[in-house]
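Student: Supplied in structure tokens, the structure appears directly below.
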Amino acid sequence: MRRILTGCAVALSMTLVASAQDSTIKSKTEIKADDASVVSMTGCLKRDVAGNFTLFGTAVKAREGVTTETKVQTENERDESKVTTTTRTKADEGRVGTAGRLSTFIVMPRDGVSLTQYVGQEVQLSAIMVDPDAKDAKIKIDEKTTVDPEHADASSKRTKTEVEVDGAAVGHYTVMTVKPMGGSCR
């Protein structure tokens, strides 16, 4: 009987360890725009009572395109989890305009992008602002995401999207992609 109980305790502890796996998620997003500026924003996504979305955070803006690489590492131990996020953004043509201090940006999702589930969370947005003298802009998005759990095989997903975005009100950014950064707003 003692062996059976010991065997059950060992099996239970192995199940608990397996369910709390550490993992690393790496993603790379490249956005290129014709007749628009490309912006990578990081911060807290909010929604007002009228249903409008804003992001309180920082931004990197480029004329031709932006490449953003994000790495989210999750370490699980007994009763706590530690999430570490690293983001690097590079402008394709080398020139970058940066909002070095925190600002509030008006953002709206393009068709097919939902922001509602990310309200109250820290996010990284890739967005565009159509040039004031252009009616619309052609956008190319190339995304690759790799999920690497500690005790399992890694899996990757790659998507390529081409969209045409109509011009919006000056000062509004159209969100092309959204990634959670692993934390809630403070």
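Student: Return the ratio Rg/(2.2 N^0.38 Å) for the range 22-184, where Rg is computed over Cα atoms only.
Tutor: With N residues counted in the range 22-184, Rg over 2.2 N^0.38 Å equals 1.06.
Student: Note the full-extension length gain between GLU69 and ILE106 as 0.36 nm times their separation in residues minus their Cα-Cα distance, in nm to one decimal. Please report the intermediate quantities before stating the final value.
Tutor: Working: separation 37, 0.36 × 37 = 13.32 nm, distance 2.32 nm.
Here the answer is 11.0 nm.
Student: In addition: Through the Karplus equation 6.51 cos²θ - 1.76 cosθ + 1.60, θ set to phi - 60°, convert the phi angles of the range 27-44 into ³J(HN,Hα) values in whole Hz; use x for Gly and Pro.
Tutor: Those phi angles translate into 9, 9, 10, 10, 10, 10, 10, 10, 6, 7, 9, 9, 10, 10, 10, 9, x, 9 Hz.
We did not get these values from a lab; they are worked out from the coordinates using the rules stated. Please read these numbers as outputs of a predicted model, since none were measured by experiment.
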